[in-house]
1. Please find the FRET efficiency linking Ala84 to Leu55, where r is the Cβ-Cβ separation and R0 is fixed at 41 Å, and quote it to the nearest 0.05.
2. What is the distance, in nm, between label points placed 7 Å from the Cα along the Cα-to-Cβ direction at Gln134 and at Leu69?
3. By how many nm would the segment from Ala111 to Glu169 lengthen if fully extended, with 0.36 nm per residue of separation less the alpha-carbon distance?
4. Loop only per DSSP, at most 16 neighbouring Cβ atoms within 10 Å: give me the chymotrypsin sites (Phe, Trp or Tyr not before Pro) in the range 27-83, ordered by residue number.
Amino acid sequence: MTFFSALLAADAAKAAAHAAPATESSGPLGDIIKLFGSFGVDGPHLLVQVINFALLAFVLYRFAIKPALGQMEERNRLIEKGLADAQASARRLTEAQQISEGKLNAAADEAAKILVVARTAAKAAVEEAKAEAQAAQTEVIAKAKAAIESDRLKMMEEVRGEVSRLVVETAAKVLAENLDDATRARLNEAAVKQLAR
């Protein structure tokens, strides 16, 4: 209790003492005043308490509630701004994801095209390498056949020479005579002609 309310309480107690006989006979209003009086509530105290409450309410509103409401409004504004920014960011993120998915799909399509081209080029290179290998193989086979044919002809010539020499020696032994060079040459030619057939 404040000093002012204590003073008023003292004055109110004196006034109540003087007015007590008058209020007791006033009826239901007197009963209510008596009931409040039994709880320690009297007119001057009630007035002082109403003034104190009004001052307290004004001070609280002015220095506590109003700034708190201002801060709440500021926070609400910041929250709304944050939500709007979050929605805008989510929208931009969705757009960025769609763009990146589009780019990924385009890159995948491009990679597939490059893969097809590379496979085609590889097949062509394999076919070309096969053709070159076959050409080289054919060339090697032709060279080998030519070398074999050359060796065969050379060996045939050697065999013919050896056979003709053997024929001449055999004929000389059979005939038991020495042949002259002209007869030998003639017999060699005849043997070669016979072998050539």
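Any read-out appearing in this document is the output of simple, stated calculations on the displayed coordinates, not a laboratory observation. Keep in mind that what you see is a predicted model, and the values were worked out from it rather than measured. As a convention, Cβ positions derive from the backbone with ideal geometry for all residues, glycine included, and neighbour counts pool all protein chains shown.
1. Numbers: r = 42 Å, r/R0 = 1.02.
About 0.45, to the nearest 0.05.
2. Distance between the two pseudo-spin positions: 9.7 nm.
3. Result for the pair: 12.5 nm of gain on full extension.
4. Phe39
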